[in-house]
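The values are calculated or read from the model by the stated rules, or taken from the named source; none is laboratory data. It should be emphasised that the depicted structure is a prediction, and the values quoted were computed from it without experimental measurement. Methodologically, a virtual Cβ is constructed for each residue, glycine included, from the backbone with ideal geometry; neighbour enumeration extends over all protein chains shown.
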Amino acid sequence: MSRRVLIITYYWPPAGGAGVQRWLKFVKYLPQYGWEPVVYTVLDGEFPVLDHSLEKEVPKSAEVIRKKIVEPYSLYKKFIGQKPEEKINAGFLTQSEKPAGKEKLARWIRGNLFIPDARKFWIRPSVRFLTKYLQKHPVDIIVSTGPPHSMHLIAMGIKKKLNIPWIADFRDPWTNIDFYNELLLSKRADRKHHLLEKEVVHTADAVVSVTRIMQREFAETGAKKSYYIPNGYDPEDIAGKPSGIPDKFRLVHIGSVNPARNPETLWKVLNEMAADSSFASNLEILLVGKTDVSVKKSLQKYNLGKFVIFKGYIPHKDIFNTERNAAVLLLLINRTPHAKGIVTGKIFEYLTTGRPVLAIGPPDGEAAMILKETNTGITVDYDDDETLKKTISDFYQSFKKGKLQTTSKRLENYSRKNLTGKLAETISELLKHED
């Protein structure tokens, strides 16, 4: 007989982007491990991108409960001069110039008045609704996934009322997230964020993290149990997809490029290498997703504008063809104090393409470790232009010989289906101790 798990998540189809993938795939495979998922999510969220193709992946057997949410983004958009239909970008990415003073003040308001985030007004109504719902329709365990971390506060409210076992799942850190210092927090606001984070970690029966570094940090913060379950790739997404043959020396990056990801050294090296007419005739840079205005300025500074193609969001079902037509896949790690622990979701789908990954970030970071473990790419430090030039030259020579291919290994460690099995084991182990 199946047991029931309630999943509290803000990001759910028709939301697109990386935030939705983790729990969409867990929900897809959980029934195969004896779990009946119940998803609690928003009816009309402010999502950076929409991807209606993902709605087809939601199992028909899954119960999805949608409730209205009040978000202050209409006022925020008006204040910074953004049109009502424009989307709010994650990580302070700006696609056009905005008045610096207004942008700074808006950021201060966002960080200091909306704690833990702009979804805070959904916490109390959700606790009230779910408390009543769960008394009539009980579940065996609750999972909240953040960010936004208001989801954890909803789960904590229910935990305190009904004492149902609860797992807090962190797809990104809270106070250690790469843009935390950009929130312009007052000492009071900073203290409140840290206190709320500690209360969530201490109250949850277990904390699950997507990186080993986060797992260790939450264990040190005082989590009762701390588990590591990474993101991954879905074998069904790539089944039957033909291998592309790159007709150009095409460097492809999937996802947003914000200021912290701007690879200045890469642009500098490519500018130098483009002095060779053969290299220049084959070079193409494809940036899929939103690109910050500061990144576009860097590309112009290094005279790379003629080589760059900017492409908007691509539905998830179409991403693999774009990746397989790359010569090299770019993985840009945010240049922040916590860069070693950053593992972007795109890396796992990159692994399956047969194309080499060029990561720019800490060579001793967790993303670098995954590339090394799976034999799928090379990581070069942010300012190591000498190694970067040699690496790109080697890739280019292999491209010209038609031999730019990787032989991956240990990919099964990152299969979404296998990872769901690990999640199911984690839940069972937790409930065993609860009994």
Q) Quick check: is even one residue across the range 345-366 out of contact with any His (no Cβ under 6 Å at 6 or more places or on another chain), of a type in the set (Lys, Arg) and surrounded by 18 or more Cβ atoms within 10 Å (Cβ to Cβ)? A) yes
Q: Consider residue 333 carefully, then state whether it is under 20 Å from residue 258 (Cα atoms) and in contact with an Asp or Glu (Cβ under 8 Å, 6 or more places away or on another chain).
A: no
Q) Hey, which of the helices (runs of 4 or more DSSP H) in the range 362-435, taking only ones fully inside, have at least 3 residues that are assigned by TED's automatic domain parsing to the domain that holds residue 169 and over 25 Å from residue 239 (Cα atoms)? A) 416-434
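Could you list, in sequence order, the residues of the range 136-158 that are in a helix (DSSP H, G or I) and in contact with a helix residue (DSSP H, G or I) (Cβ under 6 Å, 6 or more places away or on another chain)?
Kept after step one, since they are in a helix (DSSP H, G or I), are these residues of the range 136-158: 136, 150-158.
Hits for the range 136-158 are 150, 152, 153, 154, 156, 157, 158.
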Q: Determine, yes or no, whether residue 331 is in contact with a Phe, Trp or Tyr (Cβ under 8 Å, 6 or more places away or on another chain) and in a strand (DSSP E or B).
A: yes
Q.
Give all pairs with beta carbons closer than 8 Å in which a residue from the range 196-208 that is in contact (Cβ under 8 Å) with a residue 12 or more places away in the chain and surrounded by 19 or more Cβ atoms within 10 Å (Cβ to Cβ) meets a residue that is part of a helix (DSSP H, G or I) and basic (Lys, Arg); count only pairs at least 6 apart in sequence or on separate chains.
A. 204/159
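Scanning for something touching a residue at least 60 places away in the same chain (Cβ under 8 Å) and either assigned to a loop (DSSP other than H, G, I, E, B) or not β-branched (Val, Ile, Thr) (or both), does the range 276-288 turn up at least one residue? So that I can check it myself, show each step before the final result.
Step one: filter the range 276-288 for residues touching a residue at least 60 places away in the same chain (Cβ under 8 Å), giving 279, 282.
Checking which are either assigned to a loop (DSSP other than H, G, I, E, B) or not β-branched (Val, Ile, Thr) (or both) leaves us with 279, 282.
Among the residues of the range 276-288, at least one is touching a residue at least 60 places away in the same chain (Cβ under 8 Å) and either assigned to a loop (DSSP other than H, G, I, E, B) or not β-branched (Val, Ile, Thr) (or both), which makes the answer yes.
Out of the residues in the range 20-60 that are assigned to a helix (DSSP H, G or I) and of a type in the set (A, V, I, L, M), which is surrounded by the fewest Cβ atoms within 10 Å (Cβ to Cβ)?
Just the residues of the range 20-60 that are assigned to a helix (DSSP H, G or I), to begin with: 20-33, 52-57.
Then drop every residue that is not of a type in the set (A, V, I, L, M), which leaves 20, 24, 27, 30, 54.
Numbers: 20: 24, 24: 24, 27: 24, 30: 25, 54: 20.
Among those that are assigned to a helix (DSSP H, G or I) and of a type in the set (A, V, I, L, M), it is 54.
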Q | Complete set of residues in the range 334-347 that are in a loop (DSSP other than H, G, I, E, B) and among the small types (Gly, Ala, Ser) | A | 345
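Answer with yes or no whether residue 77 is buried (at least 18 other Cβ atoms within 10 Å of the Cβ), at pLDDT below 90, closer than 29 Å to residue 186 by Cα and charged (D, E, K, R).
Working: buried (at least 18 other Cβ atoms within 10 Å of the Cβ): yes; at pLDDT below 90: yes; closer than 29 Å to residue 186 by Cα: yes; charged (D, E, K, R): yes.
So residue 77 fits the description; yes.
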Q. Among 432, 390, which is the only one that is free of Cβ contacts under 8 Å to residues at least 24 places away in the same chain and within 30 Å of residue 270 (Cα to Cα)?
A. 390
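If you take the residues of the range 289-324 that are part of a helix (DSSP H, G or I) and charged (D, E, K, R), which of them is nearest to residue 245 (Cα to Cα)?
At the first step, the residues of the range 289-324 found to be part of a helix (DSSP H, G or I) are 293-301, 305-307, 316-324.
Add one more test, that the residue is charged (D, E, K, R), and what stays is 296-297, 301, 306, 317-318, 323-324.
On the way: 296: 28, 297: 31, 301: 31, 306: 22, 317: 19, 318: 16, 323: 11, 324: 7 Å.
If we take residues in the range 289-324 being part of a helix (DSSP H, G or I) and charged (D, E, K, R), then 324 is nearest to residue 245 (Cα to Cα).
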Q: Could you please find all residues in the range 144-166 being more than 20 Å from residue 4 (Cβ to Cβ) and of a type in the set (A, V, I, L, M, F, W, C)?
A: 153
Q: Exactly one condition in (1) without any contact (Cβ under 8 Å) to a residue 12 or more places away in the chain; (2) more than 27 Å from the chain's Cα centre (by Cα) is not met by residue 412; state its number.
A: (2)
